[in-house]
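The values are calculated or read from the model by the stated rules, or taken from the named source; none is laboratory data. Please read all numbers here as calculations on a predicted model, not as lab measurements. Cβ coordinates were reconstructed from backbone atoms using ideal geometry, including for glycine residues, and neighbour counts include every protein chain displayed.
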């Protein structure tokens, strides 16, 4: 690590994914043996699935491939550009904020799925970070990619960040369409009060 301090970027990523995995495991243990209590009284009466949801997941997954390839090339090739003092610390804070956002979203939203689909009984989450953002998990992933690009500001990492943002936006829009189908005016009212990714902006 001392000869190549940028290897710490992998530790930062490991902390991000560990927070995700541990939270998922703990929530499953908490929910085991008792009925899940929805975070809102609004639930879907039937199942819904977005068109091309698998293709959107695959498109989004490409961003992760580009990001981790870019990290490997920059870190192991020892070609991490220097932008400013505190670059690594700033990047770590950005990734940390993403982890907090993802974990808090999972705590307030037990019906989370990889694909844009709703099962019968799916809840409309409006608590926690969902009070300000419609898609805090995707925003958390955007922050992971952004922090990586700040740490290792190469063209490949910035492409990965852009791809991650576009992929999250496409998946978010697909989810919004089926949420509107399922929840109608309740969801439209929720959309008027919130933004997709950045509070009060977008």
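What to note about this one:
- Search result, residues across region 137-167 that are under 12 Å from the mean Cα position of the chain (by Cα) and farther than 20 Å from residue 12 by Cβ: 167
- Those residues of region 114-132 which are within 13 Å of the chain's Cα centre (by Cα), under 20 Å from residue 21 (Cα atoms) and either outside any loop (DSSP other than H, G, I, E, B) or at pLDDT 65 or above (or both), in sequence order: 129
- Within region 181-196, residues that are in contact (Cβ under 8 Å) with a residue 60 or more places away in the chain have Cβ atoms under 6 Å from residues that are in a helix (DSSP H, G or I) and surrounded by fewer than 17 Cβ atoms within 10 Å (Cβ to Cβ) in these pairs: 187/180, counting only partners at least 6 apart in sequence or on another chain.
- Filtering region 155-176 to residues that are farther than 14 Å from residue 138 by Cα, in contact with a helix residue (DSSP H, G or I) (Cβ under 7 Å, 6 or more places away or on another chain) and surrounded by fewer than 19 Cβ atoms within 10 Å (Cβ to Cβ) leaves 156, 158, 159.
- Taking region 177-196 as the range and being part of a helix (DSSP H, G or I) and surrounded by fewer than 18 Cβ atoms within 10 Å (Cβ to Cβ) as the test, the residues that pass are 177, 180, 181, 185, 186, 188, 189, 191, 192, 193.
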